[in-house]
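Where a number appears in this text, it was derived from the coordinates with a stated rule and is not lab data. In this text the structure is predicted, and so the values were computed from the model without any measurement. Methodologically, a virtual Cβ is constructed for each residue, glycine included, from the backbone with ideal geometry; neighbour enumeration extends over all protein chains shown.
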Amino acid sequence: MPYTIKIDRTLCSGYGDCVGLAPDVFAHDEENISVVVDPEGAEDELILDAARACPVDAITLVDEHGDQVWP
């Protein structure tokens with residue numbers, strides 16, 4: 001089941017770790033802020049790894065039960 005992925009645009013600094021790890025899920029917009037392009041673009045474990053790689057914890061993952069998985 002795919003995660004609900006939320007990106008805090010006020011925290012994201014455009015490091016791009018999430019884009020590098022899961023380019024089918026994340027991309028940078030015109031402001032160099034990460035956005036979700038396809039929440040089902042990778043396996044859940046890879047999406048979790050990408051969220052964990054964010055140095056400013058701008059990515060929040062919520063599972064299908066509504067429980068926050070990360071951070």
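Residue 63 passes every criterion in (1) touching a residue at least 60 places away in the same chain (Cβ under 8 Å); (2) loosely packed, with under 14 Cβ neighbours inside 10 Å apart from (2).
What are the residues in the range 30-70 that are part of a helix (DSSP H, G or I) and of a type in the set (Val, Ile, Thr), if any? Across the range 30-70, the qualifying residue is only 47.
Against the criterion of being of a type outside the set (Lys, Arg) and in contact with a Cys (Cβ under 8 Å, 6 or more places away or on another chain), residue 7 does not qualify. A count restricted to the range 15-29 and to residues that are in a loop (DSSP other than H, G, I, E, B) and aromatic (Phe, Trp, Tyr) stands at 1.
If you check residue 18 against the conditions, is it out of contact with any Leu (no Cβ under 9 Å at 6 or more places or on another chain) and surrounded by 14 or more Cβ atoms within 10 Å (Cβ to Cβ)?
Yes, satisfied.
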